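Only one structure is covered here, and it is reproduced in the block below.
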Amino acid sequence: MALYSMYPIEEKYVRTFQLFKWKDMPCAFLPLDHNNNNESWYTPGPELDSFRLSSKSHWDIPVHVGGGKIIHALASHPTPPVFDGPEDRNGKRNHDEIRFWADYISENHEDSSYIYDDRGHYGGLHGKYFVVMGDLNADPFDGDSFNYAVRQLTNNELINNSVIPSSAGAIEINELDGGVNLDHCSNPMYDTADFSDTSSGNLRADYVLPSATFDIADSGVYWPPTSDRLFDPLIGRFPFPSSDHRLVWVDLYV
């Protein structure tokens with residue numbers, strides 16, 4: 001993970017949550033071993049006590065954009081909800097990594113009171129302007145996420161979901177790829193990732209979600225059509241020259 005900013009970062013107030021333990025989230029969806037009397041998948045004691053929620057990290061990075069306004073960049077990269085077994089340990093971890101932000105931004109401070117950062121400070125967001133961003137590895141309608149995990153954010157009244165970034169290229173690729181994409185519920189114009197057409201298919205996996213305190217000026221996904229001169233060198237078809245994920249952008253009135 002990396003964050004680049006043309007505006008100064010309030011480094012003194014940066015919070016990271018890489019060390020937060022999964023077991024410390026109330027009512028966490030910790031996986032159960034269905035082959036062992038539904039005992040905890042992770043061994044109680046040293047294993048469970050040391051297992052972190054965040055598969056990479058969760059960051060709250062305050063950025064000073066002028067006029068006394070601070071925008072909190074809430075960045076993370078939850079684990080993909082696949083590559084596991086019937087215990088669905090990755091799906092449930094992905095769900096709770098996303099839930100972390102829903103609790104963190106909640107106006108009910110009891111929802112975030114359990115959260116502690118890597119410096120040992122407790123509590124949720126301090127500020128009214130934020131943007132949740134990153135590869136969240138979850139689509140609100142399709143794919144393998146647990147309990148439609150990302151709806152904790154896409155249906156959240158504290159987030160401005162009035163505009164969904166889209167592209168024309170994603171529609172074209174959906175038609176060219178076919179496969180499981182033809183059975184998807186989501187509008188393909190909102191896809192941000194080009195995955196296997198025999199498993200999950202193309203999904204909306206990458207997000208820039210501004211707080212409801214912002215008005216959105218414009219947005220998009222950088223996924224040009226195949227006729228674009230930059231398609232082959234930057235986007236391409238499998239094996240991809242860059243990534244199977246696409247750039248998502250949002251312009252905000254600040």
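The values are calculated or read from the model by the stated rules, or taken from the named source; none is laboratory data. Predicted model only: the values in this text are computed from it and were never measured. Ideal geometry is used to build each Cβ from the backbone, glycine not excepted, and the neighbour counts take in all protein chains shown. Surface areas here come from the heavy atoms of the whole protein model, side chains and all, with no ligands, DNA or RNA. Shrake-Rupley method; radii C 1.70, N 1.55, O 1.52, S 1.80 Å.
Mean residue ellipticity at 222 nm, helices only, the chain: -4000 deg cm²/dmol; runs of at least 4 DSSP H residues each add -39,500 (n - 2.57), and the sum is divided by the number of residues. When exposed loop sites are taken as chymotrypsin sites (Phe, Trp or Tyr not before Pro) in a DSSP loop with at most 16 other Cβ atoms within 10 Å, the longest stretch of the chain clear of them is 142-254.
Note on D183 and K128: the extension gain reaches 15.9 nm, defined as 0.36 nm multiplied by sequence separation minus the Cα-Cα distance.
Classification of segment 153-221 by its C-alpha gyration tensor yields a prolate form. The axis ratio a/c (a ≥ b ≥ c) is 1.5 or more, and a/b outweighs b/c. As a fraction of the 1.4 Å probe accessible area of the chain, surface on carbon and sulfur atoms comes out at 52 percent.
Let's test the formula: R0 of 30 Å, r as the Cβ-Cβ distance of N38 and Y114. What FRET efficiency results, to the nearest 0.05? Could you put the intermediate results ahead of the total?
Working: r = 24 Å, r/R0 = 0.82.
Once the sixth-power term is evaluated, E becomes 0.75.
Between Y253 and S199, the modelled label-to-label distance comes to 4.3 nm, taking each label 7 Å out from Cα in the direction of the beta carbon.
Length gained on full extension, A212 to Q18: 67.2 nm, using 0.36 nm per residue less the C-alpha separation.
Say the cut-off is 18 Å between C-alpha atoms; which of K12/K69; K21/K128; K21/K56 go over it?
Values: K12/K69 16 Å; K21/K128 26 Å; K21/K56 13 Å.
In this structure, K21/K128 lie more than 18 Å apart at Cα.
Among residues other than V254 with Cβ under 11 Å from its Cβ, the summed charge is -1 (Lys and Arg +1, Asp and Glu -1). Using a probe of 1.4 angstrom and keeping all protein chains present, the accessible surface of the chain works out to 50 square angstrom per residue. Note on H121 and M6: the extension gain reaches 38.6 nm, defined as 0.36 nm multiplied by sequence separation minus the Cα-Cα distance.
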